[in-house]
Amino acid sequence: MPAPVPRQRAIPAAESGQAPAAAQSTGSAPVSPEARTTAPRAVDPSQSGTPDRTGTPDRTGTASDRAETAAHTNLTLLLIEDDPGGSPIVPDLLDQSGKPIRIRTARNLTEAERLLTDDVHCILLDLALPAPGRTGDGDELAVLKHVLELAPRHAVLALTGADDAERGAEAVRVGAQDYLVRDELDGRLLSRAIRYAVERKRSDSAERRLAEGRVRAQENRRLERGLLPTPLLDGSPLRFAARYRPGRSRALLGGDFYDVVRTPDGTVHAMIGDVCGHGPDEAALGVELRIAWRALTLAGLCGDQLLGTLQEVLEHERADDEIFATLCTVDIAPDGRRAGLCLAGHPSPLLARPGVPARLLPYDNNGPALGLLPGARWPRTQVELGAEWSLMLYTDGLIEGRVGGTGERLGQEGMVEMIRRQLSEGLRGEELLRTAVNEVRDLNGGELTDDVAVLLLDRAV
């Protein structure tokens with residue numbers, strides 16, 4: 001909720017540059033230096049809030065107030081300067097469309113922080129002001145650095161004296177958008193400088209976001225290479241295919257992971273998993289679990305012993321005790337006709353064989369997800385595959401998409417029917433996975449909210 005703007009003090013001129021209304025109307029009462037302005041305007045005393053230099057009360061406390069203010073002005077300037085004599089350093093200003101630029105004045109950084117609401121576009125800062133907590137440290141730009149920390153998203157103009165141009169140039173190098181000389185200010189110059197500073201800040205912010213986006217994309221690609229590795233199937237007759245599509249909210253980064261390796265005895269081990277949550281921490285944890293699975297599998301572990309060790313890895317590496325991961329592991333015998341299946345809170349794989357409708361493998365012995373129950377066990381179920389088959393492992397993103405406008409999820413039954421139909425149309429391997437993922441997306445009416453990972457192992461005779 002935005003911080004309310006403080007009410008006007010008894011002598012408002014130093015803060016708002018506005019003379020008392022009574023003095024303006026009579027012309028006979030003497031005007032004190034503190035109340036002197038270049039263009040006094042009457043203020044409606046019925047309005048509450050802090051008057052600004054356009055004569056419009058400050059109404060920035062709520063979203064509706066800001067919308068009302070936006071209808072009357074395009075730009076708002078916050079002037080931070082200590083001018084006890086009330087000298088008119090800022091003339092009347094108009095923006096590019098001819099509307100008055102709204103001006104607020106703060107005499108120190110404490111007042112500036114209260115007045116720095118969301119509708120302020122630019123700050124005009126007197127570099128002669130002292131910075132809180134930094135007096136006497138010899139840093140001539142301490143006040144500017146303080147303001148840049150206070151308002152990182154706002155454009156900043158530095159105000160210097162006529163003999164201090166070098167300090168102004170240094171202010172630009174530190175982070176200000178431009179600097180102005182106090183004695184050279186006029187309405188046209190300042191109006192142009194404000195517009196330029198605001199646009200330059202927007203451009204700099206957009207460029208920074210673009211650069212940060214590139215860095216994030218590079219990091220995401222590195223993480224995904226760890227999540228989706230090259231399978232180790234040298235010497236195996238099995239064919240491998242995989243498909244991965246990240247959820248729309250992340251575009252590049254997901255927490256799904258898989259792996260396939262063949263051990264020296266000829267057994268092919270496959271795994272697919274999903275870390276709950278989304279983002280770099282969850283993706284990094286997925287990478288750790290995948291690498292740990294590959295190392296433990298190559299070391300000879302499988303089934304309950306392997307999953308128990310992976311749970312210990314997750315418990316030590318996760319950032320939060322509520323983080324868990326689902327996992328499906330399959331170990332296919334060297335003759336390719338049998339497999340062992342372990343499920344840790346994960347959907348059961350789909351098995352397709354010639355002349356037999358595709359079906360889900362048994363999931364009665366499905367154990368808990370990793371990280372949920374200390375000391376949990378994960379039974380290993382023996383499955384007969386036959387001579388020729390296709391085995392599809394997938395994450396829940398494939399079955400949790402919606403179906404048209406009904407609001408119902410596709411679910412495992414819907415997925416099985418879809419795969420059966422696509423197999424009957426002659427689709428296999430990469431083409432089958434690509435078509436399946438695209439159809440699920442189309443049924444959802446757009447990109448899926450969760451990541452989708454699918455891998456397929458085929459054995460042909």
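To the nearest 0.05, what FRET efficiency results for Tyr363 and Ala211 with a Förster distance of 45 Å applied to their C-beta separation?
0.45
How far is it, in nm, from the label point at Asp139 to the one at Ala165 when both lie 7 Å from their Cα along the line to the Cβ?
Going by the 7 Å Cα→Cβ label model, 2.7 nm.
If you average the alpha carbon positions of the range 315-329 and of the range 252-307, how far apart do those two centres end up, in angstrom?
12 Å
Fully extended, how many nm does the chain gain between Leu150 and Val403 (0.36 nm per residue separation, minus their Cα-Cα distance)?
Roughly 86.2 nm would be gained on extension.
If each of Arg434 and Lys99 carries a label point 7 Å out from its Cα toward its Cβ, how far apart are those two points in nm?
Calculated label separation equals 5.1 nm.
Calculate one ³J(HN,Hα) per residue across the range 380-388 by plugging θ = phi - 60° into the Karplus curve 6.51 cos²θ - 1.76 cosθ + 1.60, and present them in order as whole Hz with x for glycine and proline.
9, 9, 7, 10, 8, 9, x, 7, 10
Starting from the 7 Å offset along Cα-to-Cβ, what nm value, one decimal, do you get for the label separation of Asp320 and Leu233?
Here the modelled spin labels are 3.7 nm apart.
Which whole-Hz couplings ³J(HN,Hα) result when phi for each residue of the range 288-299 is put into the Karplus expression 6.51 cos²θ - 1.76 cosθ + 1.60, θ = phi - 60°, listed in order with x for Gly and Pro?
Coupling constants for the range 288-299: 4, 5, 5, 5, 4, 4, 5, 5, 5, 5, 5, 7 Hz.
Report the gain in length on full extension from Leu298 to Asp204: 0.36 nm times residue separation, minus Cα-Cα distance, nm rounded to one decimal.
Between Leu298 and Asp204, full extension yields an extra 28.8 nm.
Stretch Asp281-Thr449 to full length: gain in nm at 0.36 nm per residue minus the Cα-Cα span?
58.6 nm
Between Leu373 and Ser424, what FRET efficiency comes out of the Förster formula 1/(1 + (r/R0)^6) with R0 = 30 Å and r the beta carbon distance, rounded to 0.05?
Calculated value: 0.15.
Every read-out reported here was derived from the displayed coordinates using simple, explicitly stated rules and does not represent laboratory data. For clarity, every value in this text was computed on a predicted model and none was experimentally measured. No Cβ is skipped: glycine too gets one built from the backbone with ideal geometry, and neighbour counts run over all protein chains shown.
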